[in-house]
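The block underneath contains the structure these notes are about, expressed in structure tokens.
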Amino acid sequence: MELCLADVLGDHALDGEITRPQNLMQAMRHGALDGGKRLRPFLLLESATLFNAESPAVIRIAAALECVHCYSLIHDDLPAMDNDDLRRGKPTVHKAFDEATAILAGDGLLTLAFDMIASPQTVLAEAVKTALISALARAAGPGGMAGGQSLDLAAETTPPDESGIVTLQAMKTGALIRFACEAGAIVAGATADERSRLAEFGAAIGLAFQLADDLLDLTADPALLGKATGKDLPAGKATLVRLHGADWAHRQLAGLVAQASELLEPFGDKAAILRQTARFIADREM
């Protein structure tokens, strides 16, 4: 996946493109390469493996998903959003370059993701490509990640109740994780029940990921985490951890891991790595 991502972020113009400005491409590579857990593409690849759907096309879909995720991080870090200076242990894109370039780098990554899925180089049935494009657009758009970021910004002045926090987190963080798990079933042409089961698995671990992230904001070493911590409280952000405390969060994480594991039962031993991933998400320290 890394080689694919590096290749699509090269300076060479594709058919239909005029040229790729060097500064813009450097900023896009800064935001997308050499760092990150690559959790979302990993989940997509492992979900596809459940159905023996392993191919260069699946790797391209995974790389496209990571482009969308990295675009969101670049934009989230901007002064108008979360105003962060550090990401993945290095300066954020707007610090390494400038704000305008960071906005364009995010725009470029988002647009490139859909180009990658639609490209003839991604050898999949056209109906599968259409389903992937639609599902990813809805996960990333106003009813998903972008909408979640909007709710997150509004929450700084009008703190939501518990239901509002769950909705916000399911959109901002959970939507792309849910897509990552569901996309493996889409690529494989799995049944509606299998697709729904993997989407539910993704929703459960997406909530677990955000709960763990909120705990890390309270407890983690910024040097190990690769980004600033302790920002939620002074920013006035409402989180489930702030509402209920760390002990409650740990109990919830255990329950979410159990729920995720139960959803994978029909896949037997083939889902062993996904089960381990759910535990890793809940127990991670960075």
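Of the residues Leu136, Leu151, Leu86, Leu110, only one is of a type in the set (A, V, I, L, M), over 22 Å from Leu45 (Cα atoms) and in contact (Cβ under 8 Å) with a residue 24 or more places away in the chain; which?
Leu86
With respect to being in contact with a Gly (Cβ under 8 Å, 6 or more places away or on another chain), over 20 Å from Arg29 (Cα atoms) and either outside any helix (DSSP H, G or I) or free of Cβ contacts under 8 Å to residues at least 60 places away in the same chain (or both), Ala80 falls outside the description.
Only one entry of Ala64, Ala48, Ala6, Ala105 meets the criterion of being more than 19 Å from Ile177 (Cα to Cα), in contact (Cβ under 8 Å) with a residue 40 or more places away in the chain and either in a loop (DSSP other than H, G, I, E, B) or of a type in the set (Gly, Ala, Ser) (or both), and that entry is Ala105.
Being on the phi < 0 side of the Ramachandran plot, under 13 Å from the mean Cα position of the chain (by Cα), among the hydroxyl-bearing types (Ser, Thr, Tyr) and part of a helix (DSSP H, G or I), is that true of even one residue in segment 151-172? No, every residue in segment 151-172 fails to be on the phi < 0 side of the Ramachandran plot, under 13 Å from the mean Cα position of the chain (by Cα), among the hydroxyl-bearing types (Ser, Thr, Tyr) and part of a helix (DSSP H, G or I). The single condition among (1) in contact with a helix residue (DSSP H, G or I) (Cβ under 6 Å, 6 or more places away or on another chain); (2) among the hydrophobic types (A, V, I, L, M, F, W, C); (3) modelled with pLDDT of 95 or more that Ala249 does not meet is (3). Here is a check on your reading of the model: is Ala271 more than 29 Å from Pro159 (Cα to Cα) and either modelled with pLDDT under 95 or out of contact with any Lys or Arg (no Cβ under 6 Å at 6 or more places or on another chain) (or both)? Considered against the rule, which asks whether it is more than 29 Å from Pro159 (Cα to Cα) and either modelled with pLDDT under 95 or out of contact with any Lys or Arg (no Cβ under 6 Å at 6 or more places or on another chain) (or both), Ala271 comes out as yes.
The listed residues are Phe201, Phe179, and the only one of them that is of a type in the set (Phe, Trp, Tyr), buried (at least 24 other Cβ atoms within 10 Å of the Cβ) and touching a Gly at 6+ places or on another chain (Cβ under 9 Å) turns out to be Phe179. Screening Arg60, Arg40 for residues that are in contact with a Ser or Thr (Cβ under 9 Å, 6 or more places away or on another chain), within 30 Å of Ala188 (Cα to Cα) and of a type in the set (D, E, K, R) leaves exactly one candidate, Arg60. Considering only residues that are buried (at least 22 other Cβ atoms within 10 Å of the Cβ) and within 18 Å of the chain's Cα centre (by Cα), which ones fall in segment 76-109? Scanning segment 76-109 gives Asp77, Arg87, Thr92, Val93, Ala105, Gly106, Gly108, Leu109.
The values are calculated or read from the model by the stated rules, or taken from the named source; none is laboratory data. What you see is a predicted model; the values in this text were computed from it and never measured. All Cβ positions, even for glycine, are placed from backbone atoms using ideal geometry, and neighbour counts span all protein chains on display.
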